[in-house]
1. Under a 5 Å amide H to amide H cut-off, with H placed in plane at 1.01 Å, what residues pair with residue A:248 once short-range neighbours are removed?
2. Given a 1.4 Å probe and heavy atoms of the protein chains only, how would you sort A:84, D:98, largest accessible area at the top?
3. Determine the shielding of peptide A:333-342 by partner chains: average, over its residues, the number of Cβ atoms on other chains within 10 angstrom of each Cβ.
4. From the C-alpha coordinates alone, can you work out the Kirkwood hydrodynamic radius of segment C:124-227, in Å?
5. How much net charge surrounds residue D:141 when only other residues with a Cβ under 11 Å from its Cβ are counted (Lys, Arg +1; Asp, Glu -1)?
6. Quick one: which residues, 5+ away or cross-chain, put their amide H under 5 Å from the amide H of residue A:323? H built at 1.01 Å from N.
7. So how exposed is residue A:208, as accessible area in Å² (1.4 Å probe, rounded to 10)?
8. Using a 10 Å cut-off on Cβ atoms, rank the peptides B:78-88, A:323-333 from the highest mean neighbour count down.
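The values are calculated or read from the model by the stated rules, or taken from the named source; none is laboratory data. What you are looking at is a predicted structure, and each value in this text was computed from that prediction instead of being measured. Note: ideal-geometry Cβ built from the backbone for every residue, glycine included; neighbour counts use all protein chains shown. These area figures cover heavy atoms from the full protein model, side chains too; ligands, DNA and RNA do not enter into them. Shrake-Rupley method; radii C 1.70, N 1.55, O 1.52, S 1.80 Å.
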Amino acid sequence: MTDDLRLLRSAGARIGAALAVAAVVVTPLLISSDFWMSVFIAAGVFALGGLGLNLLTGYTGQASLGQAAFVLIGAYTAAWFGADKGWPMLLWMAAAMLAAGLVGAAIGPFALRFKGNYLVVVSIALVFVTVHVLQNWDSFSGGFNGKSVGGISLSFLVDFGDLSIFGKQFTPEQGLFYLTWIVVGLATLAVANIIRTRPGRALQAIRDRDVAAEVIGIRVARNKVIVFALSGAMAGLAGGLDAARVGFLTPGVAESQLLLSIRYVAVIVVGGVGTVVGAIVGALFLGPLPELVEEFSDKINFTVPLVDQPLLKDSATSEGIMSNAVFSEILFSILLVVFLMFQPRGLVGLWHRMVASLKRRGTPTDDAGPDIEPVATPH
Amino acid sequence: MTKKLWLVSALLLTFALFAAACGSSDDSGDSAGSDTTEPTDGSDTTAPTDGTEPADSGSDATVAPDDGSVEPAGDPEPAPGFDGETIKLGYLTDESGPLAILGVPLTTGSQIYWDYVNEELGGVGGRYQVELATGDTKDDPSSAVQEYQRLKDDSVLFAQILSTPPTQAVLEFLKEDNIVGVPGSLAGTWANEAVLMPNGAAYEYEMINIADWFVNDSGLGGVDTVQCVVSVNDLYGEVGLDGLEYAAGELGFELTEKRTMNRNDTDFAATVSALDQAGCEAVYAITVPREQSTMMAEAATQGFDPIWLGALPSYLSLLAGPNFEKFYVALDNPDFNDTSVPGMVDFLERFETYKPDSGAEPNSFFFSGYYQQIAVHALLEKAVELGDLSREGIANAMTQLGEVETDGLTAENYVYGAPEDRIPTSASRIFVYDPDNPPNLLTELALLDSELNDGYELGG
Amino acid sequence: MDKFLQLFVSGVALGGIYALIALGFVVIYKATGTFNFAQGGFVLLGTYLTYQLAVEWEVNFYLSTLIAVLAMAGVAMLIERTVLRRMMDQPAFTIILVTVGILLFLQQLVPIIWDEPGLRFANPWLGEVVDIGGVSISHANIWTVVYAGVVFGAFALFFKFTRTGIGMQAAALDQEAAAAQGISVARSFQVSWAIAGAVGVLAGVMLTARGGDALTPAIGFVALRALPAMILGGLDSPGGAVVGGVIIGVAEVLTAGYLEYEWLGANFSSVVPYLVLIFVLLFRPSGLFGTKEVERV
Amino acid sequence: MSAVLEVDGISLSFGGLRVLNEVSFALEPASLLAIIGPNGAGKTSVFNCINGVYRPFEGSIHLDGEEITGARPASIAERGLARTFQNLALFVNLDVVDNLMLGRHHLMKTGYWAGALWVGRAKREEHVHRARCHELIDLLELGDHVGRPVGLLPYGVQKRIEFGRAVAMEPKVLLLDEPVAGMNVEETEVMAGDITSVREELGMAMIMVEHDMQLVMGLAEQIVCLSFGEVIATGDPATVAADPEVIAAYLGTPEDAV
């Protein structure tokens, strides 16, 4: 009777989880390139921030374009405590989560007052204000000049910055890869657990019908504030890890941070809104995309008949219609629109549909899968 | 990991000692530094490396000794970015971000230079063809680091890293991997980094030069002129302002109104009004080109018509407009029509030959991308001569490079070496906007190296 | 006092541009009930089209603007027909994201077509200044205000007196009821997108055609600065968009003029629109002139 | 004070329009009270006042002797009041079990930390309450619908699930807002059976707003008739049905009258 309480209900899910763990363990053993490691660390960072955003948007229905602000806050807090003050890893991680979480909690009350469209703009405002503060709070952030994150500790039980297991020496990038994906794994487990228990159900109830949720005894306000804090904290931790990857932080301009926020949204849209693994799937799909374009650009240079030019420019100097960067951006925008239009449940939904259709072919029972849009933002 | 760190620090130490040894024999050189001699043939002073410092007893510090003679030291071994035939150079530039306006022509200028080397000289050392690989930083540290990681194992060095924040971000990695990088920006602090190979006069010197010129030589104003400044909010704006404030203090004038601006600003109504209301007669512009031109257009609409005194990045050769004839700028490069400068004649000729099909006119950004590669070329030639194109070999070559001749393309030649041994250029040419002098629409007024520069400490 | 007046006039002109952009946001919100981030893309593409005509092909400036206005109306209708029409029953956030995707697409499309990073675009009034009591007002600024006024007036007349306009208001209130009354919801959506595209061109031209190298793909995002103006005025109120635009524009320019170098930080003015917005919303959650959202159980 | 819910002279108005005028009634433990009246009489408004969605400007409401006037809905729910909605208010993307589990939200304690860690009480609690929900699903014969988002289920089933969710809250008082509205005859019978079996098994007090007079007469022990926000009759079903004022109020909608 309580079989449906298991985290991984089907054999397929269990195999999938085992494969995922194996992939994390094996990848650095197979790939030594700092570049690809860096790409996958970045994907892990996106997965972590996306996981938080999915909790907020996918499960609670709170629209936000502010995720980049929390990532920034986390990154700078990590740099301040981890690099400047030399705190050990767990402490700077906690600080990054706490700082971003507190800002999230402070935004929460706005979410009570503003819904849907207004909330989106308030979250955009958060990005503008955060960038402005970081640009100007020199003593904390280094202002416009940015801040070095050199010397940040990656050590807890083992030193991920100088990892050596069974005599196998790993590069710092490989160590950070392990650290990042361990964190992503733990966060995924935590989110999955929250979702299948009382607090997670409450969030979904708020998403589907907040007035009814209140009426059955769910403290909507309190839960919204908590979920903003949680989502912020996860983004903050993602920011801290990204700071360790990049080694240098600048606040950039608000518009570019807004683009980053959109990227986080795209990660969950493409992966699967309101699904636990959606953020990971989306991040692994979208994260390496520009790099793949860059890597395989020579394969895409089929000639366009009229102009007789390769489609892509390998560099800014060679001829072509568009640069690799522009191509991957345009691909990204098209993916976002196409997924929203034709596959709003993302890759995870696509997978479920495929599995369902395969099953149907085996046993001719009419078991049309659920096809309800999971994000139900209050209008 | 630790082994790598040891190796790098041992190497750096070796170079430092090396440079110290060279420097001591060369101490008399002043900032005009026209003697090309010492560093190149002083290179056989390898003795101190072993003797003085116990710390470098470890491993690979021995790369230094095998460069002893002027004779070619044999063909360089394949190394990251060098397969024995082709030398690959990494370019971290902005192809699609806010600085694409600079990044694209800069890289094109570089490409023109290497096309010339490949076609006409047969490549570096007459043998090795040079290829460019670009990574798009979008002027963002995160992308810059990612692109750095992508290119680093396939580049002997980074021949251009555009803009300050990406350079700062990549610097730690350059140090760790001991790869030489050429910043595409002129912040004076770069001169202090062993792995960086700056070009041209630092922004600080540019501002000191133009202030000195304006107050003392221009005949346009003096210390009593109401002078103001607009600077961009980043390291470039900051160091430029630092140089300017130093100059103001030394020359005895006030900066009446100080404004800042952000990259990507589009509305300058308030800035222009404030400058106008403060009665500014001359405005120093430590700004970026697109925004500068927008600000000047706004000034025109408000009927505000000061003298503008710009640093290199504030200027774009496309400038044209009703109130631009009072625009003065400190640049390194000579007048494009000055046939007395041999390097310029070459540049224009090579530009015609190798320019992209789109049919662009030569301008300062193509030019900057071009002339920056002269030093890179000299460095590669040196490394080939020393028979080592590995990272260590190139870093080593830089300590021995000495003065690089630019055939008059810079106001002064840069003398490379270990950081404390370098003699950065500090001279600038002052130009005025001149619509009748295409293609660059500038006419040279002066070439000067302000005396104040000697008293100014870069990165201080 | 001169400084204040000068800044105030500049602020009103900037506000006029914000109002023009915000009007584009409002018309779509009024008809469809969602945000259209692609408005920034209309501003962007429309301005480049105008540039292409007026500068590259040397067509008369006013004629260029008119052609671009018509062309962008068409482009916007096309986007509505091919993308948004299929998404009418989706949640608001999904639709917002689709429009964000369209914005990104247009933003990448433009540099493919026009690959110079910055283009100079000048209006015919460049450098023309009127001096009124010590305050110099550029013709460009006057035209901006005139444009905003004319567009707003046309809006008011359109919604009040034309069949389509009245139908659109009805469709926005209750799509089913409107359909039952024989009002074509699809048609009202299409018209609203066409108007948004057209208005975007005017806003973009006023924003960039001021002589500097101001025409870059980044202006698609500059349009986002008009969001506060729209929200401040009330999402569904054209009059509110104008008032909101002027308030935000004046606030931004005045803070830039008076608060530089304070502890608030450099370029504090760039966040002022958002701070004003949040402040006002805390007291009036539906903006100054917006329709109050009523919640039903 | 034996009544489990006491509504005492509450009045409500919206923008000067008086919706309720000094409405009073009392609900005896384990009984079923029906509120009837023509459309717009204020029946749903009474519910909204009781469960805290609206706040009456005068009068008081006591739940089990405790004043709940003006408290927030969540807090009233925690004190033992559940309701269903005239227009369904289910959590459409969740399945039957989760919807019922949400009904038990206030009976559970697991917070974010415990939930995330899935240890000790969180796990136990989840098992216990889930078992309870499955019992209820069996009682209401909803077993066939487990595992699918309730938004995809037929309307009649959704109505019953909403009823189940309210029952799962184990309230002292259950408010049913038109439980059989829009249902066909068979569905109505099933619903009536559900209501009866819940009363028999669990013995909770209920208030029902309903137009289906046949159902009302069959289930209710007491009827309150509202018209234009005022109570015009109170009493057992036979008395109220015979009340001339009630008949007058229903004129024009004869199909509702018995």
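1. For residue A:248, the qualifying residues are A:149.
2. My answer, sorted largest first, is A:84, D:98.
3. 6
4. Values: mean 1/r = 0.0612 Å⁻¹.
16.3 Å is the Kirkwood radius here.
5. Surrounding charge for residue D:141 is -2.
6. The answer is A:313.
7. For residue A:208, solvent-accessible area is about 20 Å².
8. On the way: B:78-88: 17.3, A:323-333: 23.2.
In descending order of packing, they fall as A:323-333, B:78-88.
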